[in-house]
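Engineer: Before I ask anything, let me first share the structure, which is written out below as structure tokens.
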Amino acid sequence: ARGVLVQPAPYGTNPDALLDAVAQGGGRLRGIAVADPGVTDAQLQALYEGGVRGLRFVEARDPAGNLFPGSVGFDQVAALAPRMKQFGLHAQLWAPCDTYLRHLPALAQLDLPLVIDHMGSVIPARGDQDPVFQMLRGLLAEGRIWMKLTVCRVGAAPDYENARGLHDAYTAANPDQVLWGSDWPFVRMGAAAPSADALVDLVHDWLDNDALRRKVWVDNPARLYGFE
């Protein structure tokens with residue numbers, strides 16, 4: 001089994017815990033770290049050598065307009081993009097859905113691999129005419145973004161059936177650039193946290209043939225994260 005560990009905001013830009021965890025994986029783990037434009041080339045090289053393959057950017061703000069502590073916002077992606085490409089790192093993006101309308105058209109011009117987390121945080125009740133969904137699906141179909149099929153904060157538990165249409169539309173748009181994520185350990189979900197096993201079973205059913213399952217679970221992540 002293989003996995004990708006994502007550095008959470010409370011660690012800020014300190015990658016030590018992430019690198020230690022990845023190192024214990026015996027080559028089976030990759031990491032997504034957090035860095036700002038002050039990071040040095042030597043630090044980026046060390047991240048890559050330690051198994052990191054991407055940097056996480058979060059554009060979520062408090063009512064006063066401030067980024068949440070430990071986050072690096074979307075406005076820093078362009079500054080880091082040339083060096084990220086140099087060191088083989090992609091950008092993993094998370095934001096409330098409507099935020100993508102303001103930022104993603106410009107970010108998609110950077111010629112940098114972009115992974116959209118949590119299915120773009122699209123709201124299923126808006127339907128397939130939602131401009132955020134249409135933009136994301138279009139960019140995915142064009143091969144300009146990757147989409148992470150993480151349902152547990154998008155759909156309604158326990159069966160997440162209201163997110164099925166989003167999941168299937170993204171998968172159909174570009175089956176070669178969709179990934180799966182559990183969102184384990186389900187930070188701040190408390191008693192509402194799902195079972196990771198149940199999420200695996202769910203996506204096994206939604207991906208209705210072995211070839212598609214292999215793309216999402218094996219081939220696509222191997223290509224993006226550099227698994228051999």
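Since every read-out is calculated from the coordinates, none of them should be taken as a lab result. Keep in mind the model is a prediction, meaning the values are calculated, not measured. Heads up, the Cβs are rebuilt from the backbone with ideal geometry, glycines too, and the neighbour counts pull from every protein chain shown.
Engineer: Beta carbons within 10 angstrom, averaged per residue: use that to sort the peptides 121-134, 143-156, highest first.
Structural biologist: Top of the packing list down: 143-156, 121-134.
Engineer: Mean residue ellipticity at 222 nm from the helices of the chain, using -39,500 (n - 2.57) per DSSP H segment of n ≥ 4 over the full residue count, to the nearest 500 deg cm²/dmol?
Structural biologist: After summing the helix terms and dividing by residue count, I get -9500 deg cm²/dmol.
Engineer: Find which of Pro8, Ala23, Val34 sits farthest along the positive direction of the dipole of region 1-91, computed with +1 on the beta-carbon of Lys and Arg, -1 on that of Asp and Glu, about the Cα centre.
Structural biologist: About the Cα centre, the residue reaching furthest to the positive side is Ala23.
Engineer: Which of the peptides 103-109, 3-9 is most tightly packed, and how do the rest follow, going by the mean number of other Cβ atoms within 10 Å of each residue?
Structural biologist: Ranked by mean Cβ neighbours within 10 Å, highest first: 3-9, 103-109.
Engineer: Same structure again: Suppose a student asked you for the relative contact order of the chain, using Cα pairs under 8 Å spaced at least 6 residues apart; what percent would you report?
Structural biologist: 13
Engineer: Can I ask one more? Please compute the modelled spin-label separation between Ala196 and Tyr11, points set 7 Å along Cα→Cβ, answer in nm with one decimal.
Structural biologist: Placing both labels 7 Å beyond Cα along the Cβ direction yields 1.5 nm.
Engineer: Expressed in nm to one decimal, what extension gain is obtained for the pair Phe227 and Asp62 from 0.36 nm per residue of sequence separation less their Cα-Cα distance?
Structural biologist: Net length gain for the segment: 55.7 nm.
Engineer: Going highest first, how would you order 34-40, 165-171, 62-68 by mean Cβ packing within 10 Å?
Structural biologist: 165-171, 34-40, 62-68
Engineer: Regarding the chain, what whole-number volume in Å³ per residue does the convex hull of its Cα atoms give?
Structural biologist: 128
Engineer: Separation of region 51-90 and region 97-157 by C-alpha centroid, Å?
Structural biologist: 17
Engineer: Continuing with the same structure: So, with +1 on the Cβ of K and R and -1 on the Cβ of D and E, and no other charges, what is the size of the charge dipole of region 110-228 about its Cα centre, to the nearest 20 debye?
Structural biologist: Using only the charged Cβ atoms, the result is roughly 300 debye.
Engineer: Using the count of nearby Cβ atoms within 10 Å as a rough guide to exposure, how do Met119, Met189 rank from fewest to most?
Structural biologist: Met189, Met119
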